[in-house]
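What follows is a single structure, written as structure tokens, with notes after it.
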Amino acid sequence: MIIENKDKFLKDLISKVMPQPLSLGIEISSESAKLALVKLQPPDSAYLLDYIIIPLGGKGSTEEKTGLVKNILKEKNIRPDTQAKIIISGPDVDSKRIILPYMPNDEIAKALRWEAKDHFLLNIEESALDFEVLEEKAGEGISKNIEVVANIAKNSLID
């Protein structure tokens, strides 16, 4: 038997016998923390293994709230090689799509600091700013633009 696409065949075979990494999704707001443990199954499936919602509203200091989340992670025996994706939500967080002239990634952060003053209500000096390039777009003439999603959160929330 001849296998026409041996690379795909081997990749599929390996994905079936090798253990897949787990992913942990964490969403934190002022009222609750939501944790979801998921097993990714190639090519495009995922299985929910466990989840928990931890009420945080009115429960003391940030350190106490962080301690609650850490204790749950220890109780659930989350492996150290688990990939974590963290989302912070609430009134001290904002996201916007912004179009900029094309520039290298290392210059985007500086440009966004200037642009953010026109797009966000949060104080830029007291906030962390992050971005992700969504796509490059052809502009008028020969110019190119980039579309980014910019995220801003108060430093006190992130800390």
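The values are calculated or read from the model by the stated rules, or taken from the named source; none is laboratory data. Predicted, not measured: the structure shown is a model, and the values here were computed from it. Cβ atoms come from the backbone with ideal geometry, glycine included; neighbour counts cover every protein chain shown.
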Quiz item: Which condition number in (1) of a type in the set (Lys, Arg); (2) part of a helix (DSSP H, G or I); (3) outside the structural domain of residue 30 (by TED's automatic domain parsing) is the one that residue 74 fails?
Solution: (3)
Practice problem: Return the pairs, sorted by first residue and then second, in which the second residue is exposed (fewer than 12 other Cβ atoms within 10 Å of the Cβ) and polar (S, T, N, Q), the first residue lies in the range 108-136 and is farther than 12 Å from residue 98 by Cβ, the beta carbons are less than 8 Å apart, and the residues are 6+ apart or on different chains. | Solution: 126/156
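The rows are residues; the columns are (1) assigned to a helix (DSSP H, G or I); (2) surrounded by 13 or more Cβ atoms within 10 Å (Cβ to Cβ).
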position: 98; (1), (2): no, yes
position: 106; (1), (2): yes, no
position: 117; (1), (2): yes, no
position: 122; (1), (2): no, yes
position: 132; (1), (2): no, no
position: 146; (1), (2): no, yes
Quiz item: Could you say whether any residue in the range 46-57 is part of a loop (DSSP other than H, G, I, E, B), closer than 21 Å to residue 154 by Cβ and at pLDDT below 80?
Solution: yes
Quiz prompt | Condition broken by residue 146, with the remaining ones in (1) within 26 Å of residue 25 (Cβ to Cβ); (2) at pLDDT 80 or above satisfied | solution = (1)
Quiz item: Assuming residue 68 fulfils every condition listed in (1) surrounded by 13 or more Cβ atoms within 10 Å (Cβ to Cβ); (2) under 25 Å from residue 150 (Cα atoms); (3) without any contact (Cβ under 8 Å) to a residue 40 or more places away in the chain apart from one, which condition is it?
Solution: (2)
